[in-house]
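Engineer: Sharing a structure, written as structure tokens. Questions coming.
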Amino acid sequence: MTSDSLNITTQLAQELIQEQFPKFARLTLQPVARQGHDNRTFRLGEEMSIRLPTAESYALKVPKEQELLPFLAPHLSLSIPSPLFMGKPSKYYPWPWSIYQWLPGKSANEFTAVEDNLLESIAYDLAQFLRELHRIDPSHGPTPGLHNWWRGDHIRVYDAEARTYIAALSKVINSDQALDLWENAMATQWKKEPVWIHGDMAYGNILLQEGKLTGVIDFGGMGIGDPACDLVMAWTFFKGKSREIFKQSLSLDNNTWLRAKAWALWKAAFELCQLDDTETQKAFLHKKIISDVLTA
């Protein structure tokens, strides 16, 4: 079952609030701008938001966020989501869902462009956030699996997929170079203790306010493991000096950055293979990511 068959609408969200949290039923309810794929998010009044997973696999993340976000928050200098209540499956909707404290700020994907000086500031602050995350005791963390689509695992979990995408894109990317990068990355591994990962470190999941990075959202992919998957912002968001600031501020070894390139390559190749010929802007973006990964 997916959001298409469920038809996750403001009306559905209102029915769930009325049924399970009637004390909030009179609050305004509005969908947020630029929805992601995994959840439908609505702002509830001025102080809260609700998130409804769009498929059963995404709903696996709800209990994990409810349990672990309060554990992580005291260790982090940036704001992260604070779960307030967990909704139950009902006749209207088949999976658990969440009510969170509303975090101020705008997602970076709402900006048409980000100036270089702000990119550089974000790069430093985001690297600091990841360093803080990596220092948290990993003994409480879940290992990679279906709950986070194996983020934090070795990239070999997507080996067959990546090779298929690279072959399919042989006319639009340097597939020989891409395959060499992939195979070189496959030969490396994280040899230290597992660390906490966010699992979906994308520019749509960082919040900006008054010209600075203030929060990180959407922790459904969190877990413990190899941090390489969290480094793809080096190519999907940062560029030039900001990319170098991000990389140098994290002080990770070259092999970890090589696996990070492989994660970025796999994701961009996957996205390219899903696009049709009319989506030229998105296609250009993903081709540029692959080009940067292969040359930077």
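Engineer: Show the residues, 5+ positions off or on another chain, whose built amide H is closer than 5 Å to the amide H of R151.
Structural biologist: Correct list: G145.
Engineer: Write out the trypsin sites (Lys or Arg not before Pro) in segment 82-164 meeting two conditions: DSSP loop, and at most 13 other Cβ atoms within 10 Å of their Cβ.
Structural biologist: K91
Engineer: Continuing with this model, one more query. Please express the shape of the chain as an equivalent ellipsoid: the semi-axes are the square roots of 5 times the eigenvalues of the C-alpha gyration tensor, given largest first in whole angstrom.
Structural biologist: After scaling each eigenvalue by five and taking roots: 32, 22, 19 Å.
Engineer: Straight-line reach only, C-alpha to C-alpha below 17 angstrom: list the aspartates and glutamates that K88 could link to, leaving out same-chain residues fewer than 8 apart.
Structural biologist: E15, E19, E56, E65, E67
Engineer: Please determine, in degrees from 0 to 90 and to the nearest 10, the orientation of helix 10-20 with respect to the longest principal axis defined by the Cα atoms of the chain, where the helix direction is its Cα long axis.
Structural biologist: 60
Engineer: Round to the nearest 10 and give me the degree value, 0 to 90, for the angle of helix 240-250's Cα axis relative to the longest principal axis of the chain.
Structural biologist: 80
Engineer: Also, I was wondering about something else. At most 15 other Cβ atoms within 10 Å and a DSSP loop assignment: could you name the GluC sites (Glu not before Pro) in segment 99-175 that fit?
Structural biologist: The qualifying sites are E115.
Engineer: Out of the GluC sites (Glu not before Pro) in segment 180-258, which ones are loop residues according to DSSP with at most 14 other C-beta atoms within 10 Å?
Structural biologist: Numbers: sites: E183, E210, E244; in loops: E210.
Within segment 180-258, the qualifying GluC sites (Glu not before Pro) (loop, at most 14 other Cβ atoms within 10 Å) are E210.
Engineer: What is the magnitude of the charge dipole of segment 3-102 about its Cα centre, with +1 placed on the Cβ of each Lys and Arg, -1 on the Cβ of each Asp and Glu, and no other charges, expressed in debye to the nearest 20?
Structural biologist: Magnitude of the dipole: close to 100 debye.
Engineer: Let me ask another. Charges at C-beta only: +1 for Lys and Arg, -1 for Asp and Glu. How large is the resulting dipole of the chain about its Cα centre, in Debye rounded to 20?
Structural biologist: Numbers: 30 positive and 35 negative charges, 42 e Å.
Around 200 debye, computed over the chain.
Engineer: Using only helices, what value at 222 nm comes out for the chain when you add -39,500 (n - 2.57) per DSSP H run of length 4 or more and divide by the total residues, to the nearest 500 deg cm²/dmol?
Structural biologist: Calculated at 222 nm, the ellipticity per residue is -13000 deg cm²/dmol.
Engineer: So, one more: Given a cut-off of 24 Å, name the pairs among K106/K282; K23/K212; K239/K282; K239/K261; K192/K288; K64/K282 whose C-alpha atoms lie farther apart than that in the structure shown.
Structural biologist: K23/K212; K192/K288; K64/K282
Engineer: Say the dipole of the chain comes from +1 at the beta carbon of Lys and Arg and -1 at that of Asp and Glu; which of W196, M186, P81 then lies farthest toward its positive end?
Structural biologist: P81
Engineer: Let me ask you something else. With both bridge residues required to lie in the chain, what share of the DSSP beta bridges run antiparallel, to the nearest 5%?
Structural biologist: 95
Engineer: Could you derive backbone 3J(HN,Hα) for segment 173-185 from the dihedral phi with the Karplus parameters 6.51, -1.76 and 1.60 (θ = phi - 60°), listing whole Hz in sequence and x where the residue is Gly or Pro?
Structural biologist: 10, 7, 5, 5, 5, 5, 5, 4, 4, 4, 5, 5, 5
Engineer: Taking the chain as a Gaussian network, Cα atoms linked when under 10 Å apart, which of A33, A13, A260 shows the biggest mean-square fluctuation?
Structural biologist: For the chain, modelled as a Gaussian network with Cα springs under 10 Å, the answer is A33.
Engineer: What list of ³J(HN,Hα) couplings, whole Hz, do you get for segment 80-95 from phi and the Karplus terms 6.51, -1.76, 1.60, once you set θ to phi - 60° and write x for glycine and proline?
Structural biologist: Here the 3J(HN,Hα) series is 10, x, 10, x, 9, 8, 10, x, 9, x, 8, 5, 8, 7, x, 10 Hz.
No lab work stands behind these numbers, since they all come straight from the coordinates. All values reported here derive from a predicted model rather than from experimental measurement. Reconstructed Cβ throughout: ideal geometry from the backbone, glycine too, with neighbour counts over all protein chains shown.
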